[in-house]
There are 2 protein chains.
Amino acid sequence: MKKYVPLLKRTKLFSGAGDDDILSMLNCLNATVRAYNKGEYAFRQGGYIRDLMILAEGRLHIQKEDYWGNLNILNEIRPGEMFGEAYIVPNSGALMNDVIATEASTVLFFDIDRILTACPSACPFHTQLLKNMFYTISEKNKGLVQKLSYMSARSTREKLLSYLSDEAKRQNSSSFSIPFNRQQLADFLSVDRSAMSGELCKLRDEGLLGFHKSEFTLYEV
Amino acid sequence: MKKYVPLLKRTKLFSGAGDDDILSMLNCLNATVRAYNKGEYAFRQGGYIRDLMILAEGRLHIQKEDYWGNLNILNEIRPGEMFGEAYIVPNSGALMNDVIATEASTVLFFDIDRILTACPSACPFHTQLLKNMFYTISEKNKGLVQKLSYMSARSTREKLLSYLSDEAKRQNSSSFSIPFNRQQLADFLSVDRSAMSGELCKLRDEGLLGFHKSEFTLYEV
DNA sequence: ACAAGTCTGTTGTTTTTCCAACGGAAAAGG
DNA sequence: CCTTTTCCGTTGGAAAAACAACAGACTTGT
């Protein structure tokens, strides 16, 4: 478990913690580990979650498949990110989405009840952890609203432009790489792949952007 | 301020609190009140928030207007609901949305720093408040994911069906009323009003549902 | 090195949505 | 009670997206 300390130090949840803090928290929160193969489902719709999780390595997709088989990627989890926090409310019901490992992944599990039930004597960092968790959920919340704003664009073109320009802003560069292939990007934005591919090329021909595989560059007009 | 105690008792944030708890919290959290007229903006894109808020009475819409004037209702706040929690992270930047009162509304403001900084001696309820706040944000998180799943439907028809069936489930009845008029529902689902209106009538003619104004009834097929 | 499979762009057709405009019904306001 | 405004369904034409199918480039695995 010790090997995860450097990673955890860089997570938002443990931001500001020292090695000792983390080690004692790992113990206090009853942390466990589990590995998943590429393509394996970590959780399936209808299951139940009673832990807070952090992705240690690999990549996860939170996705949903409807009656007719349309796949939609609701979110992408990268190493260091927390997930499962939407289901920590008691009686919050069954999972509504699938969680799938798109690469070989390792996940850390934390006992949610031990996080919320303070143990002020044992863990000096516990109060800060609560604060960090709060900030993290808040930010995730904001991220969801952000994605909602992509999705609310009326056309594929606008969806692409708003997502790509946000991504450029986020990575602080007009050249950046996105974590999706074409099909995944289409699923993420809930549009048809071929139509999106065509729209991308149209944007390129109009001189608004350039791309090679998943590397994009936006140009001033 | 005392007059808001009965309302607050019914909110998720103060769930489980007694009158005394609430009164002492109101003081401890430095609560203030502000009223807004119908149509008035509570906050505008670009502004900054440093408080957690609860809507006491009225109705608010969190909405976004893009370059071309398309309006999108990202969320609707009803009395007792908390909002603003996505922007309480230090340095979380400017507000990205507008908040508008669609009816005459009253909003309670709470000092966010006083919520997160424990005062165990003064307020016995403080720990529970933190827990409640987590649960609330978690649920909001889940709600956002839910809305994302409506938006990810490819057609207006599927958007309507997924939203309406969820709403029926939520209200535990096949007959229910929605808090939108047609234009607002269209904005909420990010579709064209007239097209949506037509699709609704088609669904009615096919016997899937019935409606009168904002009252809907879903029929088994 | 080869075969199988995946990823991407392209094209043509079908379907759906968007848009603008209109009229009647209902609601709001004086 | 009457006027004004809002709300809602409807229509027809323009635009866009969805869909299906395919071929070439690239990957993967053996």
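No lab work stands behind these numbers, since they all come straight from the coordinates. Fair warning: this is a prediction, and the values are worked out from it, not measured in the lab. No Cβ is skipped: glycine too gets one built from the backbone with ideal geometry, and neighbour counts run over all protein chains shown.
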(request) May I ask you to report, in nm to one decimal and beginning with the shortest, the distances from residue A:217 to the same position in the other copies, taking label points 7 Å along Cα-to-Cβ? (result) 6.3
(request) State, to one decimal in nm and shortest first, how far the label point of residue A:172 sits from each corresponding label point in the other identical copies (label point: 7 angstrom along Cα-to-Cβ). (result) 5.1
(request) Taking a label point 7 Å out from Cα toward Cβ, give me the nm distances from residue A:50 to the same spot in the other copies, shortest first, one decimal. (result) 4.3
(request) Please give the calculated 222 nm ellipticity per residue for chain A, where each DSSP H segment of at least 4 residues contributes -39500 (n - 2.57) and the sum is spread over every residue; nearest 500 deg cm²/dmol? (result) -11500 deg cm²/dmol
(message) Taking a ≥ b ≥ c as the square roots of the Cα gyration tensor eigenvalues, with a/c under 1.5 meaning rounded and otherwise prolate when a/b beats b/c, else oblate, which class fits the protein assembly as shown?
(response) oblate
(request) For chain A, set up a Gaussian network in which alpha carbons nearer than 10 Å are linked by springs, and say which option among A:207, A:84, A:58 fluctuates the most. (result) A:207
(request) Mind checking which lysines have their Cα closer than 16 Å to the Cα of residue A:9? Skip sequence neighbours fewer than 8 apart in that chain. (result) A:131
(message) Apply the a/c threshold of 1.5 to the C-alpha gyration tensor of region A:153-218 and tell me whether it is rounded, prolate or oblate.
(response) rounded
